[in-house]
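Visitor: Please see the structure below; I have some questions.
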Amino acid sequence: MKNSKNTLSLQQGPVTDDPAPTLPVTNVDDGIVTQGDIDNGIQCEIPRYSDAALGDKVILYWGENYTISRLIKDPEHNLPWIIDIVQDTPQEQTLADGLYEVHYSVEDQAHNFAISESINFEITAHLNPGSLPAPVIPDTQDDNTINDDEAKLDVIVQAGYAAITKGDSIVLHLQGFDTETDFMKEDYTATYAVQDVDVPLGYAVFTVPYATFQAIGEFAYANAWFIVTPAAGGTTKSSATKKFYVDVVLAH
């Protein structure tokens, strides 16, 4: 893959040459990501940029439709930051065919703001990501919100799809964000192997604990999706994303 490096722009702070994120995939030439590359795994690495410090807010921008953020609590251990694009992001937003520009921003505690150089590439994998239906969350069916009373009882999430088979591995992802800033507040995952009892139902059941929603809090929203690895092997498939709102008392 060839990196296209653009000029770093910065507001309210000195100009620095923060490097672009890297996309270490094998056998990628001329900025093209194929199905084979994705099958081998796609990771995006944000390097240990200059002057990294406690309290930095780092946001990765993956194309026009997806961002993920992190608060730096320990620069030595939090950087480099490696994001598994296949396993830990909604594939309908990150692996659909198209052109992508990828960069990251950093805001420190003094509100200095910097944007890294960018890399540009095209995905031509024809995966049809997001082809499975979005997870169903019964508690959101009335007002599309999880409130404190509902969260206290834990929250049921149903991951259903055609041809569900015993032994399928399902990974549920639920990420919570601040409504005003879109900053990620919680990143929850759970893995489940489909059992005989799930097959006639057509879905697997996950129970998301109250603590997860306490971490998300109020004035927030969440995205939930799941990824299926078939028991018989083959390419993983991802679901569409369920977006809902969260109004839960923060943990003290």
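The values are calculated or read from the model by the stated rules, or taken from the named source; none is laboratory data. Keep in mind that what you see is a predicted model, and the values were worked out from it rather than measured. Quick reminder, even Gly has a Cβ in these numbers, built from the backbone with ideal geometry, and neighbours come from all protein chains shown. The accessibility values were calculated without ligands, DNA or RNA, using every heavy atom of the protein model including side chains. Shrake-Rupley method; radii C 1.70, N 1.55, O 1.52, S 1.80 Å.
Visitor: Output the number of residues of segment 205-252 satisfying the condition of being closer than 25 Å to Asp37 by Cβ, in contact (Cβ under 8 Å) with a residue 40 or more places away in the chain and open to solvent by 50 Å² or more (accessible area, probe 1.4 Å).
Guide: 5
Visitor: Filter segment 78-93 down to the residues that are closer than 17 Å to Val106 by Cβ and open to solvent by 40 Å² or more (accessible area, probe 1.4 Å) and list them by number.
Guide: Result: Pro80, Ile82.
Visitor: Moving on. For residues in segment 194-212 being part of a strand (DSSP E or B) and of a type in the set (A, V, I, L, M), which is nearest to the chain's Cα centre (by Cα)?
Guide: Val208
Visitor: A further question follows. Are there helices (runs of 4 or more DSSP H) fully within segment 66-109 with at least 1 residues that are touching a residue at least 60 places away in the same chain (Cβ under 8 Å) and within 18 Å of the chain's Cα centre (by Cα)? List them.
Guide: Qualifying helices (runs of 4 or more DSSP H): 85-88, 91-94.
Every residue, every condition in (1) in a strand (DSSP E or B); (2) more than 27 Å from Leu71 (Cβ to Cβ); (3) in contact with a helix residue (DSSP H, G or I) (Cβ under 7 Å, 6 or more places away or on another chain), yes or no:
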| position | (1), (2), (3) |
| --- | --- |
| Ile156 | yes, yes, yes |
| Ala159 | yes, yes, no |
| Leu172 | yes, no, no |
| Phe177 | yes, no, no |
| Tyr188 | yes, no, yes |
| Tyr192 | yes, yes, no |
| Ile227 | yes, no, yes |
| Gly234 | no, yes, no |
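Visitor: Another question, if that's okay. Scan segment 52-65 residue by residue and report those that are out of contact with any helix residue (DSSP H, G or I) (no Cβ under 9 Å at 6 or more places or on another chain), open to solvent by 40 Å² or more (accessible area, probe 1.4 Å) and not in a strand (DSSP E or B).
Guide: Matches in segment 52-65: Glu64 only.
Visitor: Does at least one position in segment 96-117 carry a residue that is under 19 Å from Ile227 (Cα atoms) and open to solvent by 10 Å² or more (accessible area, probe 1.4 Å)?
Guide: Among the residues of segment 96-117, at least one is under 19 Å from Ile227 (Cα atoms) and open to solvent by 10 Å² or more (accessible area, probe 1.4 Å), which makes the answer yes.
Visitor: Does Lys237 fit the bill of being out of contact with any Ser or Thr (no Cβ under 7 Å at 6 or more places or on another chain) and of a type in the set (Lys, Arg)?
Guide: Answer is no for this residue.
Visitor: Restricting to segment 122-139, name every residue that is more than 30 Å from Glu150 (Cα to Cα) and either more than 18 Å from the chain's Cα centre (by Cα) or crowded, with 19+ Cβ neighbours inside 10 Å (or both).
Guide: Answer for segment 122-139, where residues must be more than 30 Å from Glu150 (Cα to Cα) and either more than 18 Å from the chain's Cα centre (by Cα) or crowded, with 19+ Cβ neighbours inside 10 Å (or both): Glu122, Ile123, Thr124, Ala125, His126, Leu127, Pro129.
Visitor: Is it true that some residue in segment 190-198 is free of Cβ contacts under 8 Å to residues at least 40 places away in the same chain, aliphatic (A, V, I, L, M) and surrounded by 18 or more Cβ atoms within 10 Å (Cβ to Cβ)?
Guide: Yes.
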